[in-house]
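Right, one structure below, let's go through it.
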Amino acid sequence: LAMMLVPALLLGAAGFAAPGARSAGAVASAVRMAATPSGSNGAHLSAAQKAELAEIAALVARPGKGITACDEGPGTIGARFEAVGVENTEENRRAYRQMLFETEGASSHLSAAILDPETLYQKSSTTGETFPAVLAARGIVPGVKPHLKVYQLPGCGGETVMQGLDSLNVRCAEYRAAGARFAKWRSPLEIRDGQISRLAIEANMQDLARYALICQSEGLMPIVEPDISLTGDYDLETAVQVNVQVQSALYKAMIDHGVYMEGSTLKPNLVNPGRECAKKYTCEEIAQANLDVLTRVFPVAMKGANFLSGGQTLENAAARLSAINKLKGNAPWNLSFSWSQALQLPLLQLCKGKGELVLDEMSKLYYDELKIAGAAARGEYTPLQAGAGDHVPPQSSARAPSPAASTPAAAELEPAKKKWWQFDFA
């Protein structure tokens, strides 16, 4: 069924205008939207437009399948190539992406692929078709990364926003005409001193909501990606608190903007302690923390969440995703993957010292990786190593205490002060 639906959606009329066109209906829609109150849930869209957006979201959220994230720009993928001795040329980038899309059996584990704009217009040397058509023929929904560069907010200690909202509607219309059916926007965030500033949260979540609204108006199902970095020494409890804060701000912003929630998808970071956290956590504790965040704030209207890898190894990311799915019980969402580095970095290591892309070897390993990812998305992956998915403190944080530190300080002997949320109910 999906093999028929995806190519059909590439043709999809659904009332979305061609690039540059502005019908009388679109003008009326704009007027209607201006008078639409917060929480309208896409009232400015037609029934056909909503139906297509919801269908794309459902195709992306097919159980046991996930997203291959291939949206690195020429500079990013080029740096990875050069690190293993492969020349960064457009042809090498094209051939590498073709391998990712045409690996035999990959479609059994993939629901969608995120492309860089360059890749959106490149063609397969096998069929002569553009890559969106190649993917659609395999039942894989093609999407695109429409954002531009990260920008530091002045006076905010290095906190950032993502640029690219200007002329986003024009780019989205062009990407849809080229075959994309969804988009993905990343908003990078970092926990510092146990928090993210209110300004950074509000600025980034408002941007994500506005991006989602624009995408839907141009016929692209929006994936929203609030990406909290693993940089730092924060503990898992802090990670849960901050992720709840960030995601709740995101959904409120989306609702306030009138985004059609059933026609959108979440790409969150996997809730983890910071890399330098000195406390050990098991894979199951990390999995439960992720479910705690989702059950507190994630709208049931959204069909799924595809976790990013965020610098985790494939083994750790798969162990944690599988544990989440084993524990999720009757949670209403499809919880899967949208991985780039976890899948791609091991592939590129095969090229080290060879001076070229070893595409046949890479394709075989890629298929094996996708089998692991698919099993994790079903909650059926058994890690090869004991302790996979655990957070293990870095060795510098796990040193044995010195003799001088073995005697409790006076402050430690005092009764612990209650946290602000530990109220007394008399």
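Just so you know, all these numbers are worked out from the coordinates, no wet-lab data involved. What you see is a predicted model; the values in this text were computed from it and never measured. Cβ coordinates were reconstructed from backbone atoms using ideal geometry, including for glycine residues, and neighbour counts include every protein chain displayed.
Applying the Karplus relation 6.51 cos²θ - 1.76 cosθ + 1.60 with θ = phi - 60° to segment 189-194 yields 3J(HN,Hα) values of 9, 9, 7, 10, 6, x Hz, where x marks Gly and Pro.
With the cut-off at under 20 Å, measuring from each backbone N in segment 207-230 to a point 7 Å along the Cα-to-Cβ line of residue 38 picks out 207-214. Based on C-alpha pairs under 8 angstrom that are at least 6 apart in sequence, segment 214-299 has a relative contact order of 45 percent. For segment 318-391, the Cα-based Rg and Dmax, in that order, read 14.6, 49 Å.
Scanning residues 5 or more positions from residue 307 or on other chains, those with amide H under 5 Å from its amide H are 336, 337, 338, with H placed 1.01 Å from N in the peptide plane. In order along segment 172-179, the phi-based Karplus estimate (6.51 cos²θ - 1.76 cosθ + 1.60, θ = phi - 60°) of 3J(HN,Hα) comes to 4, 4, 5, 5, 5, 4, 7, x Hz; Gly and Pro are listed as x. Amide H contacts of residue 390 (H built 1.01 Å from N, in plane; Pro and chain starts excluded): 283 sit under 5 Å, all sequence-distant by 5 or more or on other chains. Charge dipole of segment 291-375 (Cα centre as origin; +1 on each Lys and Arg Cβ, -1 on each Asp and Glu Cβ, all else neutral): 340 debye, rounded to the nearest 20.
Please work out whether segment 273-400 counts as rounded, prolate or oblate from its C-alpha gyration tensor, where a ≥ b ≥ c are the square roots of the eigenvalues and a/c under 1.5 means rounded, while otherwise a/b larger than b/c means prolate and anything else oblate? Oblate shape, in that a/c is at least 1.5 and b/c is the bigger or equal ratio. Mean sequence separation of contacting Cα pairs (under 8 Å, at least six apart), scaled by the length of segment 329-399, corresponds to a relative contact order of 29 percent.
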